[in-house]
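Here the structure comes first, spelled out in structure tokens, and everything after it is commentary.
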Amino acid sequence: MASLLFSPLTIKNITLKNRITISPMCQYSAIEGFANDWHLVHLGSRASGGAGLIIQEATAISPEARISPSDLGIWKDEHIQKLKTITEYIVSQNSIPGIQLAHAGRKASVSIPWEGNKKLGFDQGGWQTVAASAIPYHDNEPFLPEALDKKGIQKVISDFKTATKRAVEAGYQVMEIHGAHGYLLHQFLSPLTNIRTDEYGGSFENRIRFTLEIIAAVQSEWPSDLPLFVRISATDWAEGGWNPEESVKLSEILKEKGVDLIDVSSGGLVSHQKIELKPGYQVSFAEKVKKEASILTGAVGLITEAKQAEAILETGQADLVLFARASLRNPNLPLDFARELNDDIQWPKQYERAKI
Ligand SMILES: Cc1cc2nc3c(=O)[nH]c(=O)nc-3n(C[C@H](O)[C@H](O)[C@H](O)COP(=O)(O)O)c2cc1C
């Protein structure tokens, strides 16, 4: 019998050939936001490797939205050309190209991981960061983030809109909005980072307002027959923070607004978070959101084995399974999983001799 992992999933007009999704992963390899051959080979090899959906790394909607100076960007039309080459290659491999649009907020302006992941001062190529409130991530940062005023909020919303327009032109077929990991949307959602007293802070309804306005702006450009995902952190793993119950409430509202799937991650908001890492440590959150908000979910986080992924689908905890680090170790993970689960899937013709 065919596995669930290799069963197709249709969302709106798009059919994913299997439930294996490559989780968005920053490559810190762009110059001025431009994609290059690294991104083509990285994403392309995972498409040839058999994943049904490839979600491109957090792609910045403006220069100041980048985590590091080397993040991918989609803030100008010139960015589109190379991105189009990438989406066309992914499609040629019978996979679906997705993009994650992001704004890093107060976590922006840091050096790339292999240069220390340190806050960049203004004299080191860094830039003024923005946030829901002027609270830094670490106490000892060289400058405070600026709390966005109304005009700044409108600018971010409008940047998400134009970035979406470009993403459509570049050929992406799945859109994911990054509302997780302590980046700007999450900074508005959580009371630990949002102490605003205007209509964007305080009550749950106020804290989710920014996210809902961004989703509406994205939907004004994103074709209504293509899937729209939102990645959330289901919990801050910190007292007084955003929690799984609020995640369910937000997911219900997002569903009502036309969002198709919640990609359920966790954490990343505050440096004092206490995460209990173990295999599948976030899967129960995906299950909770799926069951209580009646929306499709993606499960992610320390999922590394075919049977583990199959069990997540079998027990109805999620609809998609996302792989990040395991897929860095092995771009052909889906091909290997199909062999293990005895699924007769189509391999790239060039690789067929390795199938047996
Ligand atoms: C190198 C690297 C870059 C990442 N970049 C992103 C990103 O751009 N957007 C995002 O939502 N998560 C990002 N993540 C988190 C992953 O998508 C994933 O949620 C996390 O690694 C847990 O999954 P795993 O245990 O399969 O690696 C990144 C993870 C890694 C290892």
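The values are calculated or read from the model by the stated rules, or taken from the named source; none is laboratory data. As the structure is a prediction and not an experimental result, all values here were calculated from the model. Cβ atoms come from the backbone with ideal geometry, glycine included; neighbour counts cover every protein chain shown. Remember, those area values only see protein heavy atoms, side chains included, never the ligands or the DNA or RNA. Shrake-Rupley method; radii C 1.70, N 1.55, O 1.52, S 1.80 Å.
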Open item on the list: Straight-line reach only, C-alpha to C-alpha below 24 angstrom: list the lysines that Lys355 could link to, leaving out same-chain residues fewer than 8 apart.
Closed with: Lys17, Lys307
- [ ] Skip the ligands, DNA and RNA, and give the accessible area per residue of the stretch 116-265 with a 1.4 Å probe, whole Å².
- [x] 39
TODO: Could you work out the local net charge near Arg209, counting Lys and Arg as +1, Asp and Glu as -1, over the other residues with Cβ closer than 13 Å to its Cβ?
DONE: 0
TODO: Specify the inter-centroid distance of the stretch 210-284 and the stretch 152-176, based on alpha-carbon positions, in whole Å.
DONE: 18
Task: Qualifying lysines (Cα of each under 19 Å from Cα of Lys290; at least 8 residues distant if same chain) - done: Lys12, Lys249, Lys255, Lys257
- [ ] Evaluate the Kirkwood expression for the hydrodynamic radius of the chain, namely the inverse of the mean inverse distance over all pairs of different C-alpha atoms, and round to one decimal in Å.
- [x] 20.3
Open item on the list: Could you check the spin-label model distance between Thr197 and His272? Points 7 Å from the Cα along Cα→Cβ, value in nm.
Closed with: 2.4
Open item on the list: Apply the a/c threshold of 1.5 to the C-alpha gyration tensor of the stretch 131-199 and tell me whether it is rounded, prolate or oblate.
Closed with: prolate
- [ ] Leaving out ligands and nucleic acids, note down the accessible area per residue over the stretch 299-356 with a 1.4 angstrom probe, in whole Å².
- [x] 56
TODO: Two decimals is fine: what's Rg over Rh for the stretch 1-157, C-alpha atoms, Kirkwood radius as Rh?
DONE: 1.05
Task: the stretch 9-344 - percent relative contact order, Cα under 8 Å, separation 6 or more - done: 16
TODO: Could you state the angle between the C-alpha long axis of helix 37-48 and the longest principal axis of the C-alpha atoms of the chain, as a value from 0 to 90 degrees rounded to the nearest 10?
DONE: 40
Task: Burial order of peptide ranges 299-307, 47-55, 338-346 (average beta-carbon count within 10 Å, highest first) - done: 47-55, 299-307, 338-346
- [ ] Can you pull the one-decimal nm distance between simple spin-label points at Trp114 and Gln346, each 7 Å off the Cα toward Cβ?
- [x] 3.6
- [ ] Could you please state how large a percent of the accessible area of the chain is carbon and sulfur, counting protein chains only and using a 1.4 Å probe?
- [x] 52
Task: Estimated [θ] at 222 nm from DSSP helical runs (n ≥ 4, -39500 (n - 2.57)) normalised by residues in the chain, nearest 500 - done: -9500 deg cm²/dmol
Open item on the list: Suppose each label sits 7 Å from its Cα in the direction of the beta carbon; what would the Ser284-Ile356 distance come out to in nanometres?
Closed with: 4.7
Open item on the list: Between Gln81 and Lys151, what is 0.36 nm times their sequence separation minus the Cα-Cα distance? Round to one decimal in nm.
Closed with: 22.1 nm
TODO: Take every DSSP beta bridge whose two residues both sit in the chain, then give the antiparallel share in percent to the nearest 5.
DONE: 10
